[in-house]
């Protein structure tokens with residue numbers, strides 16, 4: 001179990017436990033069960049930064065640094081997936097061209113535009129979340145965002161004919177892993193937001209199911225880039241829901 005957690009942490013973040021640590025395909029695939037826990041850890045780091053920076057800076061500046069810190073902590077991994085996905089759907093006309101563009105290491109203009117708008121929406125939402133709930137959503141957003149990857153890989157199939165970063169996740173994610181991930185997602189969500197937390201989680205689940213189905217119809221499944229994109233989109237969705245007047 002420890003090896004799976006370390007694999008999840010070092011894959012999803014720039015936090016390094018051991019530079020010499022090596023994993024195998026199965027451990028890498030099964031580590032999805034710890035994705036929500038990694039989200040919780042990221043959220044706790046953001047809360048710490050928020051508390052410290054808020055002592056010296058105005059909220060708007062603090063929020064910029066929080067988003068920058070999250071990007072640094074994740075190495076822009078999921079933003080890269082979103083960028084590739086936007087480029088692929090903009091330039092691709094069928095499954096083959098869409099997948100080919102997603103695999104291309106070059107960044108297109110529409111991908112950049114998509115990432116910029118997503119960050120702007122995140123910033124606007126984070127700045128408008130009620131101050132007494134801000135720390136709550138700093139934890140819930142990255143947690144549910146990474147839960148959405150687990151949900152996606154459990155319910156979908158791999159779109160490419162050749163193996164990529166996302167294929168072991170689909171191959172080795174188990175029901176046991178899903179239950180563990182679900183538990184570690186719902187516990188903080190319900191504890192911090194009660195019934196509202198359940199509603200927010202359900203909205204995220206419905207959105208992820210739709211997004212998964214959409215990609216299955218377009219290219220026959222999902223890829224690593226799509227998994228990254230669903231994390232970013234769900235994080236943004238949660239922050240937006242944090243601004244809703246319930």
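Bear in mind these aren't lab numbers, they're just calculated from the coordinates by the rules spelled out. What you see is a predicted model, and the numbers here were worked out from it, not measured in a lab. Heads up, the Cβs are rebuilt from the backbone with ideal geometry, glycines too, and the neighbour counts pull from every protein chain shown.
Given a Förster distance of 30 Å, report the FRET efficiency between residue 128 and residue 216 from their Cβ-Cβ distance, rounded to the nearest 0.05. E(calc), rounded to 0.05, equals 0.30. Entry note, the range 2-241: relative contact order of 30 percent, from Cα contacts under 8 Å with a spacing of 6+ residues. For the residues 94, 234, 128, a GNM of the chain with alpha-carbon springs under 10 Å puts the largest fluctuation on 94. Both numbers refer to the Cα atoms of the chain; Rg and Dmax are 17.3, 52 Å. A helix-only calculation puts the chain at -25500 deg cm²/dmol for mean residue ellipticity at 222 nm, using -39500 (n - 2.57) for each DSSP H run of at least four residues, averaged over all residues. I want to check the label-to-label distance for residue 72 and residue 51. Put each point 7 Å from Cα in the C-beta direction and report it in nm to one decimal. Result for the modelled spin labels: 2.0 nm. Between residue 22 and residue 60, the distance separating the two model label sites (each 7 Å from Cα on the Cα→Cβ line) works out to 5.2 nm. Does the range 1-100 come out rounded, prolate or oblate by the C-alpha gyration tensor, with a ≥ b ≥ c the root eigenvalues, rounded set by a/c under 1.5 and, if not, prolate when a/b is larger than b/c and oblate if not? Oblate.
For residue 1 and residue 103, a Förster radius of 35 Å and the Cβ-Cβ distance give a FRET efficiency of 0.60, rounded to the nearest 0.05.
Nearest 10 degrees is fine. How inclined is helix 77-91 to the longest principal axis of the chain, computing both from alpha carbons? Approximately 50 degrees, to the nearest 10. Which of rounded, prolate, oblate describes the range 101-189, given a ≥ b ≥ c as roots of the alpha-carbon gyration tensor eigenvalues and a/c under 1.5 marking rounded, otherwise prolate only if a/b is larger than b/c? In terms of gyration-tensor shape, oblate.
Panel values: the range 49-88, Kirkwood radius from alpha carbon pairs, Stokes-Einstein at 10 °C and 1.306 mPa s, translational diffusion coefficient 140 µm²/s. As I understand it, the value is the acute angle between the Cα axis of helix 224-241 and the longest principal axis of the Cα atoms of the chain; what does it come to in degrees, rounded to 10? Roughly 30 degrees, rounded to the nearest 10. Helix 109-128 and the long axis of the chain differ in direction by around 30°, with both axes built from C-alpha atoms. Each part reduced to its alpha carbon centroid, the range 9-47 and the range 207-230 end up 22 Å apart.
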